[in-house]
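Read through the structure below, which is laid out as structure tokens, and then see the notes.
A short reminder: the numbers here are calculations on the coordinates, not readings from a lab. Keep in mind the model is a prediction, meaning the values are calculated, not measured. So basically every Cβ, Gly included, is an ideal-geometry build from the backbone, and we count neighbours across all protein chains shown.
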Amino acid sequence: MKLIKASDYDELSKIAALLIKEELDNKPALNLGLATGGTPIGTYEELIRLNGEGQIDFSLVKTFNLDEYAGLDAKHPSSYSYYMDNLLFKHINIKKENTHIPSGDAADLQEECRAYDELIESMGGIDLQILGIGTNGHIAFNEPADRLSIGTSVVDLTPSTIMDNSRYFDSIDLVPTTAISMGIGSILKAKKIILLISGQSKRNVLKKLMEIDYLSSQLPASFLLLHDNVILVADMEALGEAI
Ligand code: F6R
């Protein structure tokens with residue numbers, strides 16, 4: 001894993017956006033894997049700025065999001081579909097039909113998972129995957145557990161993730177307890193991965209990730225060690241003084 005240190009969140013966001021721009025410059029029809037949550041918001045703001053200035057073009061880009069809450073339809077204000085539309089898609093020149101997010105309200109969630117992996121595969125796979133990390137080490141919604149899914153699957157969210165994500169809901173009781181998530185295998189198939197880690201709340205998990213030299217299903221992000229093209233961009237708040 002290659003580490004890029006950013007002085008703060010703003011710099012992290014600028015670095016991440018430039019790394020994405022680099023890939024887009026090389027391949028305008030990029031298949032881009034996207035994450036939600038708080039961490040990539042600054043990166044998306046930068047991408048919007050660069051797009052507005054004509055420095056990047058999304059007209060040929062296809063996007064694939066990592067996950068979606070089960071039970072929420074795309075119009076629900078806490079759904080990841082709504083998040084993506086409002087924080088990125090509606091501000092850039094991407095074609096709506098080229099953006100893909102699992103449907104949390106699909107009648108058959110298992111079928112939705114199977115079809116999602118197939119869709120990504122049929123479109124040539126993900127060129128660049130953007131990832132955040134949970135305070136418990138999850139990537140996408142692959143939570144610490146005895147077993148981790150290889151492909152996209154329906155997953156149970158842990159109490160700590162439900163607590164972390166309750167800030168996006170009116171009350172913690174409204175946070176869905178299950179989600180559709182790309183699996184560890186689906187993520188590792190991406191040709192390149194950028195992992196963004198920001199803020200003091202991630203210091204612990206970042207330290208664990210930097211120290212671990214084996215695979216642990218209790219630290220799902222440790223599976224990124226299997227991939228030979230991962231760039232970790234972390235800010236000083238997350239890095240702390242120890243690293
Ligand atoms: C979101 C996702 C999650 C988040 C993680 C960190 O699509 O897959 O794994 O990346 O929960 O969230 P933030 O950035 O809010 O700390």
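Brief remarks follow.
- Residue check, D127 of a type in the set (D, E) and under 18 Å from the mean Cα position of the chain (by Cα): yes
- Members of the range 190-214 found to be assigned to a loop (DSSP other than H, G, I, E, B) and either touching a helix residue (DSSP H, G or I) at 6+ places or on another chain (Cβ under 6 Å) or surrounded by 19 or more Cβ atoms within 10 Å (Cβ to Cβ) (or both), listed by number: A190, S198, G199, I212
- Candidates E118, E97 - the one that is loosely packed, with under 14 Cβ neighbours inside 10 Å, closer than 25 Å to Y44 by Cα and either without any contact (Cβ under 8 Å) to a residue 12 or more places away in the chain or acidic (D, E) (or both): E97
- Residues located in the range 124-174, provided they are assigned to a loop (DSSP other than H, G, I, E, B), β-branched (V, I, T), touching a residue at least 40 places away in the same chain (Cβ under 8 Å) and more than 10 Å from the ligand (Cβ to nearest atom): I126, T152
- When I180 is tested against (1) hydrophobic (A, V, I, L, M, F, W, C); (2) touching a Pro at 6+ places or on another chain (Cβ under 6 Å); (3) surrounded by fewer than 14 Cβ atoms within 10 Å (Cβ to Cβ), exactly one condition is not met: (3).
- Residue within the range 49-59 that is in a helix (DSSP H, G or I), more than 12 Å from the ligand (Cβ to nearest atom) and among the hydrophobic types (A, V, I, L, M, F, W, C) present: yes
- Number of the condition not met by K5 [criteria: (1) part of a loop (DSSP other than H, G, I, E, B); (2) in contact with a strand residue (DSSP E or B) (Cβ under 7 Å, 6 or more places away or on another chain); (3) not hydrophobic (A, V, I, L, M, F, W, C)]: (1)
- Complete set of residues in the range 215-239 that are touching a Leu at 6+ places or on another chain (Cβ under 8 Å) and in a loop (DSSP other than H, G, I, E, B): L215, S217, L219, H227
- Residues located in the range 60-70, provided they are in a loop (DSSP other than H, G, I, E, B), closer than 25 Å to G104 by Cβ and more than 14 Å from the chain's Cα centre (by Cα): V61, A70
- Exactly one residue out of S7, S13 is free of Cβ contacts under 8 Å to residues at least 60 places away in the same chain, in contact with an Asp or Glu (Cβ under 9 Å, 6 or more places away or on another chain) and of a type outside the set (D, E): that is S13.
- Inclusion of L109 among residues that are of a type in the set (A, V, I, L, M) and closer than 23 Å to E143 by Cα is warranted.
- Per-region count, the range 16-48, residues within 16 Å of the ligand (Cβ to nearest atom) and either over 16 Å from the mean Cα position of the chain (by Cα) or of a type in the set (D, E) (or both): 2
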